1. Evaluate the following for THR331: is it in a loop (DSSP other than H, G, I, E, B), among the polar types (S, T, N, Q) and closer than 30 Å to ARG110 by Cα?
2. From ALA105, ALA109, which residue is surrounded by 20 or more Cβ atoms within 10 Å (Cβ to Cβ) and in contact with a helix residue (DSSP H, G or I) (Cβ under 6 Å, 6 or more places away or on another chain)?
3. Would it be correct to say that GLY45 is at pLDDT below 95, among the small types (Gly, Ala, Ser) and on the phi > 0 side of the Ramachandran plot?
4. Hey, GLY164 hits all of (1) in contact with a strand residue (DSSP E or B) (Cβ under 8 Å, 6 or more places away or on another chain); (2) buried (at least 23 other Cβ atoms within 10 Å of the Cβ) but one; which does it fall short on?
5. Quick one: PHE107 ticks every box in (1) outside any helix (DSSP H, G or I); (2) in contact with a Gly (Cβ under 7 Å, 6 or more places away or on another chain) bar one, so which box is it?
6. Out of the residues in segment 143-157 that are in contact (Cβ under 8 Å) with a residue 40 or more places away in the chain and out of contact with any helix residue (DSSP H, G or I) (no Cβ under 8 Å at 6 or more places or on another chain), which is nearest to ALA112 (Cα to Cα)?
7. Would you confirm whether any residue within segment 264-282 is within 30 Å of ALA140 (Cβ to Cβ) and among the hydrophobic types (A, V, I, L, M, F, W, C)?
8. Hey, any hits in segment 129-152 for a residue that's modelled with pLDDT under 95 and either among the hydroxyl-bearing types (Ser, Thr, Tyr) or in a helix (DSSP H, G or I) (or both)?
Amino acid sequence: MTSPDTPRAQPVELTLLPIGARPGDTEEPAGGCGAGCGCAAEDAGPAHDPLECGLDPDLADLLAAGGLDPVLVEDIAHLAVEEDLDNGVDVTTVATIPEDAVATADFVARQAGTVAGLHVAEAVLSIVCTDEFEVERHVADGDRVEAGRVLLSVTARTRDLLTGERSALNLLCRLSGIATATRAWADALAGTKARVRDTRKTTPGLRALEKYAVRCGGGVNHRMSLSDVALIKDNHVIAAGGVAEAFARVRHEFPGVPVEVEVDRLDQIEPVLAEGAELILLDNFTPDGTKEAVALVAGRATLESSGRLTLDNARAYAEAGVDYLAAGALTHSSPILDIGLDLRPERRD
């Protein structure tokens, strides 16, 4: 809970990109894309589609500083909001809330965990809001929080807050759940050289955000796509006629691309090392088998464990001497972190 001694966060005003707005319209809506957006230029030419405009420049900078593409985050925010509105309006909110009502709402952790996605939630609200709004940032992505902690406070039109609530929370809860699960793995490996890292088992369209959440939780990202690192797995081996053959073909075709080779037996390791493999994935090895593999490799390659891994046995694999533990469950099975949006009651004089 926030105590009276907790320093008050400084409010920040954000310029907006209202959903469905076009800066070139005759009657321009309140808000806008911010001074950093090209559509604000006098010679901008024809009206821009809102999806081509940027977020508030300061918010975009914060997203970029975390390794996220602001344009991608904006696209995801639009998709989430447009899916929820389905070309209509929030009928409940429009019917029950006066158009000019303004309120402050707090994003509050309902349970303890690690936070990720606060600026993403802000981006969602900037898509919904029809006037500039003010935020107070009480914690940062990657922070551990207790139940009851206020994470972010937003002052805006009440209708906008309620319309954007679910879309913002869906992303914030999802990313914070991944960060929380990753933090548990990172804690389990503390004191060893091993790091937990993710896989490509991500939600379609949300890979960059989910891998960002892994970083917030203290984990390490593996490859972001099929094109940045080669990973030779069992089906590649079958198709190529062997582990060493598959490695040689990848190295010949893409000499500058890092190559990781999956092995599931000790006798596959030496041939791969002879070909020059620098990273080997030990698939479905036991902790004892992993120790044998570590001894056999003797520092000649980086080693990663995969398969059979759980939070309970993670420490045993780390202490066997590998460099990484691959945990697909971080992104495909992590439960959400329960976070809610609480509207502050109106003050009555």
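1. no
2. Going through ALA105, ALA109 in turn, the sole match is ALA105.
3. Values: at pLDDT below 95: yes; among the small types (Gly, Ala, Ser): yes; on the phi > 0 side of the Ramachandran plot: yes.
Considered against the rule, which asks whether it is at pLDDT below 95, among the small types (Gly, Ala, Ser) and on the phi > 0 side of the Ramachandran plot, GLY45 comes out as yes.
4. (1)
5. Only one criterion in (1) outside any helix (DSSP H, G or I); (2) in contact with a Gly (Cβ under 7 Å, 6 or more places away or on another chain) is unmet by PHE107, namely (2).
6. Only one residue fits best here, namely GLU146.
7. At the first step, the residues of segment 264-282 found to be within 30 Å of ALA140 (Cβ to Cβ) are none.
Scanning segment 264-282 turns up no residue that is within 30 Å of ALA140 (Cβ to Cβ) and among the hydrophobic types (A, V, I, L, M, F, W, C).
8. Checking segment 129-152: at least one residue is modelled with pLDDT under 95 and either among the hydroxyl-bearing types (Ser, Thr, Tyr) or in a helix (DSSP H, G or I) (or both).
The values are calculated or read from the model by the stated rules, or taken from the named source; none is laboratory data. For clarity, every value in this text was computed on a predicted model and none was experimentally measured. Virtual Cβ from ideal backbone geometry, glycine too; neighbours counted across all protein chains shown.
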